[in-house]
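Inspection log for the structure reproduced underneath, given as structure tokens.
Read-outs: derived from the displayed coordinates by stated rules, not from any lab. The structure presented is a predicted model; accordingly, all values stated were derived computationally and were not measured. Cβ placement follows ideal geometry from the backbone for every residue including glycine, while neighbour counts extend to all protein chains displayed.
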Amino acid sequence: MFEYPEVEPNVLSAIHDASVAIVVGHISPDGDCIHSQIAMAKLLQSLSVEVHLVNAGPFSRKEISEYEPLFARHVDPQLKEKNPLVVMVDCSTLDRIGYIGDEIQGLTTLVVDHHASGSRFGDITYIVPKSFSTTLCIMQLYKALEVKLTHEIAEHIFFGFATDTGFFKFIGPYRGETFNLVAQLVETGVSPNEVYNRMEGGHTLSSRLYLGKLLSSTTPLFEGKVMMAIEEKGVFTDYDASDRPSDSLYSQLLGIEGVQAVLYIKHLEGDSWEVGFRASHNSNVDVGKIAASFGGGGHKKAAGATIKLPLEALKAKLFPLIEGQLI
Ligand SMILES: [Mn+2]
């Protein structure tokens, strides 16, 4: 069974010594990011630290939109005089926090994360690449600092875990430690059933129609080993984009027999394209690597990048990188 590494004394003392903290997460936050930020904030607050939650947004995913009012979009410049500790969660690279990177320059930074890609940054770190979510790393901080896991905290931790594991789907064998941790969360009163309904329910008909359009815009590449959906700007303006259909699109396309990778190429403006990558868990494809070669980031099996190239040039550069990894 995997064991989480012990939280180093320098991490504990950085938290203990802080009187003010700024907790930041990545742009376009997902459930793991937002719930990590909140769980981290509550941990610091229970140790009497004054906490400021900051995220550049946008809060476009429906399952996190209700938390938007808790977050400032900028770091208050006056805060810097109080020499706050910056806690950065769920970020594989420093630029994942967007313009906030400039606003925290010069401040001591603690990084809590579970990404393997990206170069190391931050003055103090607790990074566990094998952890299924950043919230589970934060659970280790609660234990190390002997702060009680209330039902409310446990729910934040579970939500982040559920987001990043596709509700348990991405967990392989010999990871019993994760089920032990989840058991502790459930025993505080967290209902997996209720969290599932909150995560997966609540869609609009419009968003399901949008998903249908994306599915019908999908073309197979490399004898069907790769599926590519292209969304041209302005084509789907009739549909509800606030309820992102991308997660459903990926799982539908990865469910096709023989598919090793999925590309979702979305036109932003001009020659700017947002490319989402997913790879099936039984393929050799490392989409994190491919995304990184375009300046993007992510994991082996899920990644993204914003690419500035005409579409044909983008394809010409991207396709050989994917083809080279297919089995
Ligand atoms: Mn995460």
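Quick one: dipole size for region 152-238, taken about the Cα centre, charges +1 on Lys/Arg Cβ and -1 on Asp/Glu Cβ, in debye to the nearest 20.
In debye, rounded to 20, region 152-238 gives about 320.
Listed by chain and number, the aspartates and glutamates whose C-alpha is less than 12 Å from the C-alpha of Lys42, apart from same-chain residues fewer than 8 away, are Glu50, Glu152. From least to most packed, judged by other beta carbons within 10 angstrom and beginning with the fewest, Val86, Val54, Val186 follow the order Val186, Val54, Val86. Of the trypsin sites (Lys or Arg not before Pro) found in region 221-327, none is in coil by DSSP with at most 10 other Cβ atoms within 10 Å of its Cβ.
Of the cross-linked pairs Lys233/Lys300; Lys130/Lys169; Lys213/Lys266; Lys80/Lys143, which ones have a Cα-Cα span greater than 23 Å in the structure shown? Where the Cα-Cα span goes over 23 Å, the pairs concerned are Lys233/Lys300; Lys80/Lys143. Dipole magnitude for region 9-199: computed about the Cα centre from +1 point charges on Lys and Arg Cβ and -1 point charges on Asp and Glu Cβ, it is near 320 debye. Distance from the alpha carbon centroid of region 221-274 to that of region 70-98 works out to 32 angstrom.
Placing +1 on the Cβ of every Lys and Arg and -1 on the Cβ of every Asp and Glu, with nothing else charged, gives the chain a dipole about its Cα centre of roughly 620 debye. If each Cα of the chain is one equal point scatterer, what is log10 of I(q)/I(0) from the Debye formula at q = 0.10, 0.11 Å⁻¹? Log10 of I(q)/I(0), two decimals: -0.60, -0.72.
Subtracting the Cα-Cα distance of Asn83 and Leu326 from 0.36 nm times their residue separation leaves 82.6 nm of extension gain. The label point for Phe168 and the one for Glu312, both projected 7 Å from the Cα toward the Cβ, are 5.0 nm apart. Take the Cα of Glu50, step 7 Å toward its Cβ, do the same at Ser13, and the gap between the two points is 2.5 nm. Here's the picture: a label point sits 7 Å out from the Cα of Ser191 along the beta-carbon direction, and within region 161-180 the residues with their amide nitrogen under 20 Å of it are 161-163, 167-168. Placing a label point 7 Å from the Cα of Glu3 along the Cα-to-Cβ direction, the residues of region 164-183 whose backbone N falls under 16 Å from that point are 175-178, 180-181. In a solvent-free Debye calculation with one equal scatterer on each Cα, what is log10 I(q)/I(0) for region 35-192 at q = 0.09, 0.15, 0.20 Å⁻¹, listed in the order of the q values? Evaluating at q = 0.09, 0.15, 0.20 Å⁻¹ gives log10 I(q)/I(0) of -0.29, -0.84, -1.49.
Taking every DSSP bridge with both residues inside the chain, close to 45 percent are antiparallel. Once C-alpha pairs closer than 8 Å and six or more residues apart are averaged by separation and normalised to the residue number of the chain, the relative contact order reads 13 percent.
Ranked for footprinting exposure by Cβ neighbours inside 10 Å, fewest first, Glu68, Glu81 give Glu81, Glu68.
A dipole drawn for the chain from +1 and -1 charges on Cβ atoms has a positive end, and of Gly276, Leu205, Ile127 the residue lying farthest that way is Gly276. Let's test the formula: R0 of 41 Å, r as the Cβ-Cβ distance of Val235 and Asp123. What FRET efficiency results, to the nearest 0.05? Computed FRET efficiency for Val235 and Asp123: 0.35.
Using +1 at the C-beta of Lys and Arg and -1 at the C-beta of Asp and Glu, which of Ile171, Ile100, Tyr142 has the Cα lying farthest in the positive direction of the dipole of region 85-221? It is Ile171, whose Cα lies furthest towards the positive end.
A straight Cα-to-Cα reach below 12 Å connects Lys308 with the aspartates and glutamates Glu269, Asp271, Glu274, residues fewer than 8 places away in its own chain not being considered.
Here Leu253, Leu309 are placed in order of increasing Cβ neighbour count within 10 Å, fewest first, which gives Leu309, Leu253.
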